[in-house]
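J.: To start, I am sharing the structure in question, which I have written as structure tokens.
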Amino acid sequence: MDTYSFLRELADSWVLLAMFAFFAGAAVWAFWPGLSHAREDASMIPFRNDTPEKSCTNDCAACKCGHEWKDKFHD
């Protein structure tokens with residue numbers, strides 16, 4: 001038996017079974033109930049560095065809008 005035939009038979013049977021077992025194990029691990037906190041944390045990654053927009057209150061003493069020209073915008 002040449003090398004190609006041996007590897008082809010091996011890939012058609014045992015490697016296919018090993019790949020399916022890996023896929024099933026990864027799917028079970030991904031949806032394991034104890035990992036819900038990790039999934040929640042991973043889903044919030046895009047929003048970690050977002051800061052809420054500040055709105056102007058038109059009260060210069062308490063204004064935190066960040067305008068460089070407060071005198072121009074607030075008489």
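J.: Residues in region 27-49: is at least one charged (D, E, K, R), part of a loop (DSSP other than H, G, I, E, B) and modelled with pLDDT of 60 or more?
T.: Looking through region 27-49, at least one residue is charged (D, E, K, R), part of a loop (DSSP other than H, G, I, E, B) and modelled with pLDDT of 60 or more.
J.: Looking at MET19 and the list (1) touching a Gly at 6+ places or on another chain (Cβ under 9 Å); (2) modelled with pLDDT of 90 or more, which single condition is not satisfied?
T.: (1)
The values are calculated or read from the model by the stated rules, or taken from the named source; none is laboratory data. The structure presented is a predicted model; accordingly, all values stated were derived computationally and were not measured. Note: ideal-geometry Cβ built from the backbone for every residue, glycine included; neighbour counts use all protein chains shown.
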